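*Asks:* Take this structure first; my questions come after.
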Amino acid sequence: MKESLYTIPVNEGFEEGGECPFCNIKHKLEREAVDYMLGASYMEDDIRMETNKTGFCSKHYAEMYGKQNRLGVALMSDTHLQKVIDDLKELAPALKGEKKGIFSKKATSNPVTPYLNTLTNSCYICNKINNNFDRYFDTFFYMWKKDSDMEEKVKNSKGFCFEHFATLIEMAQKNLSGQKYDDFIDIVVPLEIENLVRLEGELAFFINKFDHRYKDEPWGTAKDALIRAMLKLGSVEVEDK
Ligand SMILES: [Zn+2]
Ligand SMILES: [Zn+2]
């Protein structure tokens, strides 16, 4: 099929191997987004207006700080902070607004907690990626239907992380019907379970290596089992240090 904006990353996600092809796609998008933020994009007014509103999640603050553009992170944090100060000044008086009676201590309104909760759960980079991440699943199913290689790629994969396996099943229900849906389930569910069993075995061996009786046993594939298990369970990319 014709390679496009979305089919290339899907193919690359599967070619990269590892515990989840969709995590491969997502982590690449995240790395690109962090680099993009710290390019000159933070000097563009429309982007800064957005980052002033949303800020970033803890993961992406940490990743941006890890890059060598402290000035960029400082500028974005500074104007974000200014916006939050203005918002808080506007919202805070309502905390002590009306009282029901002289003896009533019950606060009548609290716009501050919902505001801060929304703020701490919002992230410009996460939004940018999540807003069209479903497109990769749609593309995956388009390829599944049109591209005969896709089935082979799935069968050769090591299954999916929990988060993306959940999305995959949900998206399968939207994109496939009847026999095609059943066929898909008959492939991905045993594949996923088989790979969870395989990974659990590797992790059990990794644990055994802490026991002195196993110290001379060769590692085999278990050396990075914990890193791969964390990706499978929590979709998290951990650096091997
Ligand atoms: Zn994943
Ligand atoms: Zn984020």
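*Asks:* Considering only residues of the range 150-174 that are away from ligand 1 (no atom under 13 Å from the Cβ) and surrounded by 18 or more Cβ atoms within 10 Å (Cβ to Cβ), which is farthest from Glu19 (Cα to Cα)?
*Replies:* Per the stated criteria, the residue is Ala172.
*Asks:* Could you tell me whether the range 29-36 includes any residue that is under 16 Å from the mean Cα position of the chain (by Cα), more than 16 Å from ligand 1 (Cβ to nearest atom) and not β-branched (Val, Ile, Thr)?
*Replies:* yes
*Asks:* Further, regarding this structure: Considering each residue of the range 51-60, count those that are surrounded by fewer than 17 Cβ atoms within 10 Å (Cβ to Cβ) and either of a type in the set (A, V, I, L, M, F, W, C) or modelled with pLDDT under 95 (or both), and give that number.
*Replies:* Total meeting the criteria: 2.
*Asks:* What are the residues in the range 129-138 that are crowded, with 19+ Cβ neighbours inside 10 Å and out of contact with any Leu (no Cβ under 8 Å at 6 or more places or on another chain), if any?
*Replies:* Tyr136
The values are calculated or read from the model by the stated rules, or taken from the named source; none is laboratory data. Since the model is a prediction, treat every value here as computed from it, not as a measurement. Cβ atoms come from the backbone with ideal geometry, glycine included; neighbour counts cover every protein chain shown.
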